[in-house]
1. Give just the number: which of (1) among the aromatic types (F, W, Y); (2) more than 14 Å from S66 (Cα to Cα); (3) under 17 Å from the mean Cα position of the chain (by Cα) does F174 not satisfy?
2. Tell me the residue from G138, G183 that is closer than 22 Å to L225 by Cα, of a type in the set (G, A, S) and in contact with a Lys or Arg (Cβ under 8 Å, 6 or more places away or on another chain), please.
3. Can you tell me which residue among G77, G69, G73, G60 is at pLDDT below 90 and buried (at least 23 other Cβ atoms within 10 Å of the Cβ)?
4. Between V202, V192, V180, which is in the same structural domain as G69 (by TED's automatic domain parsing), modelled with pLDDT of 95 or more, closer than 23 Å to I56 by Cβ and crowded, with 18+ Cβ neighbours inside 10 Å?
5. Condition first: part of a helix (DSSP H, G or I) and either buried (at least 23 other Cβ atoms within 10 Å of the Cβ) or without any contact (Cβ under 8 Å) to a residue 12 or more places away in the chain (or both). Now tell me which residues in segment 108-153 satisfy that.
6. Could you list, in sequence order, the residues of segment 42-53 that are without any contact (Cβ under 8 Å) to a residue 40 or more places away in the chain and out of contact with any strand residue (DSSP E or B) (no Cβ under 7 Å at 6 or more places or on another chain)?
7. Considering only residues that are among the hydrophobic types (A, V, I, L, M, F, W, C) and either surrounded by 15 or more Cβ atoms within 10 Å (Cβ to Cβ) or not in a helix (DSSP H, G or I) (or both), which ones fall in segment 224-259?
8. Does any residue in segment 12-27 that is assigned by TED's automatic domain parsing to the domain that holds K72 and under 13 Å from R59 (Cβ atoms) come within less than 6 Å, Cβ to Cβ, of a residue that is in a strand (DSSP E or B) and hydroxyl-bearing (S, T, Y) six or more places away or on a different chain, and which pairs are these?
Amino acid sequence: MSTLPKTTAIELRREDWVLHLTFNRPERKNALNADMVGEITAVMDAVHDDRSLRAIVLRGAGGNFSAGGDIKGFAPGQGEAAEDPVVASNRNYGQMLDRINQAPQAVIAGIEGASLGGGMGFTCSSDVAIAVDGALFGLPEARLGLIASQVLPLVVERIGLTRARMLAATGARFQAKEAVELGLVHHLAADVDAMEAKISEVLAQVQGCAAEGVAGNKYIMRLGLTRPREEVIEAAAQQFAGAMRSDAAKEGVDAFLNKRKPAWAVD
């Protein structure tokens, strides 16, 4: 079991094979600052190779998911001899999102209140997004003279170029129902209690899957986005052969043939 770092800008709670990660700057609607970015990055690095951890649930404290970057913490700045601090800060944010997007665990986002700008990055890097009816989404950066730099590639992957262009060009805000229609969010919940019930339902589904199978599936999907088709075919074949010979497959097949739950699905 991995050792979790100490944090202040996020709250962590591990329950057996599930890690609950809560953005904890409610006074700023969980807007991102350097501390939050650094702590999330450290947590994702710490748990990356931990196969006893099978799911990560992202939430926001105080009734909001995340309102994006903390504008009060922004400063135009000037390039310095070593490196422009704005470049470094934005890169750190992009690398943090990449850690979440490439996590081998199932990542579930429970969204209420605001999921704007950088908050959309968390939504789009999750495997399953569940939003409370009335939750607010959007890419408002252009309205501030900024760009949604690190978020846009994830938005394009999530909903396609045509829809992403519409959101980026208008800065429009929209609610959870439209987010479901766009494919940004998978499930709509009537209220917070319904969202929490849906999270529990999804976790039960994840529990029925071997950690190795989820990790392998996510790896192949990421590879398919970046590598030539021939390379993906070969990598997928190699991955499948390894999976077929794994202890997880032996257990899963035996459980199926004997009409019982596999070991990882037993409470």
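The values are calculated or read from the model by the stated rules, or taken from the named source; none is laboratory data. Here the structure is a predicted model, which means the values were calculated and not measured. Cβ atoms come from the backbone with ideal geometry, glycine included; neighbour counts cover every protein chain shown.
1. (3)
2. After ruling out the rest, the residue left standing is G183.
3. G69
4. Of V202, V192, V180, the one residue that is in the same structural domain as G69 (by TED's automatic domain parsing), modelled with pLDDT of 95 or more, closer than 23 Å to I56 by Cβ and crowded, with 18+ Cβ neighbours inside 10 Å is V202.
5. Passing the criteria: G118, G119, M120, G121, F122, T123, C124, P153.
6. Across segment 42-53, the qualifying residue is only A42.
7. Of everything in segment 224-259, those that are among the hydrophobic types (A, V, I, L, M, F, W, C) and either surrounded by 15 or more Cβ atoms within 10 Å (Cβ to Cβ) or not in a helix (DSSP H, G or I) (or both) turn out to be V232, A235, A236, A243, A248, A249, A255.
8. Listed by first residue and then by second, the contacts come to F23/S66.
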